[in-house]
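K.L.:
The structure's right below; bear with me while I get my questions together.
What follows draws every value from the coordinates through simple rules; no lab data is involved. Keep in mind the model is a prediction, meaning the values are calculated, not measured. Heads up, the Cβs are rebuilt from the backbone with ideal geometry, glycines too, and the neighbour counts pull from every protein chain shown.
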Amino acid sequence: MKVGWIALMACVLVGGLAGMVYSHVGPDIYIPQVDPARITIDGLGTEWEDPTFYPQEYMITPDDLGGNVTGGDLPPADDWYGILYLGWSAPPDNMLYGYSRVTDDILNDEAARNGDAWRDDTIEIIVDADHSGGNYREGWALHAETAQQFCIRMTQVPLPIPIEGAQDEDKTQWHIWARPEAKWVTKPEYMYAALDHPETRENCTYAWEWKMALWDEVGASPEESKRHINKLGDCIGLVIQWDDSDAELDKRDDQPGTQGPEGNESWTTADHLNDAYFVENPLLPPAVEASSWGVVKASFK
């Protein structure tokens, strides 16, 4: 992923990087705005790979990752290779979108429960939308108040997905690692995912596609929570990491991630997340008023 410093400066001048209070871990992530009307959550990724919809320079490859979260080198490409697309939408849609496609020598997807999904081939999404940092798990009643850790499994069983989301956590394809009172955030109006599941489990290709609401505060209900309002210039805390399990079942061999080995504590503390910036998409109309964008451009002279 190659982006210029102008994109970052636009974030600074337009959004002020509100809420940026802690040091991030790993490389910066730049997320362009997308048109939700052109996205179908089906796991196929057709729109993401269309250069008229998504500027391909924002695609994330293993070369853009922070490294192997659990230590050591990233797995070689003939073992695991993943690409990632991310996009944000403004209100009223107000979602974070993603698509990731992986080629893998061995797919494991048979963990008995979602709590053990990290031992399978899965994708994890950790978000600190208001960029407040700090420990979000130990000592918190819900384990989701200030940041949230989600997982989408690469499994076809059981289907269809229960409409209540992850209230019955072991009968869903996606879930939040948190107390049951916080699982409402995975209901379809707040999070929805689809898979492209392979026909074989050796030397295969598979993909996840999802959209999700972001939260500055999560309580035991929507009324007790504060939804994040997406806007150009936002800087959020974000981690995307993939669990790679090979020949031995229920054993994670590698964990490629945006934050890399220095972010191995991201499952408890948001201080170990990447900085992710919401930037303009050059394929869309400007996300700010012309007068405001004029001020931004003038500052580059």
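K.L.:
Cα-Cα over 24 Å: which of K211/K231; K183/K226; K211/K251?
P.N.:
Table pairs above 24 Å Cα-Cα are K211/K251.
K.L.:
What net charge do the residues around A213 carry, taking every other residue with its C-beta under 13 Å from that of A213, with Lys and Arg at +1 and Asp and Glu at -1?
P.N.:
0
K.L.:
Another question about this same structure. Averaging over all projection directions, find the projected area of the Cα convex hull of segment 103-146 and quote it in nm² with one decimal place.
P.N.:
4.7 nm²
K.L.:
Apply the Karplus curve 6.51 cos²θ - 1.76 cosθ + 1.60, θ = phi - 60°, to the phi angles in segment 31-45 and return the couplings in whole Hz, x for Gly and Pro.
P.N.:
10, x, 5, 10, 8, x, 5, 9, 10, 10, 7, 10, x, 8, x
K.L.:
What does the net charge come to around I83 if you take all other residues with beta carbon closer than 12 Å to its beta carbon, with K and R at +1 and D and E at -1?
P.N.:
Net charge in that neighbourhood comes out at -2.
K.L.:
While we're here: Listed highest first by mean packing, meaning other Cβ atoms within 10 Å per residue, what order do 220-228, 261-269, 147-155 come in?
P.N.:
My ranking of the peptides, most packed first, is 147-155, 261-269, 220-228.
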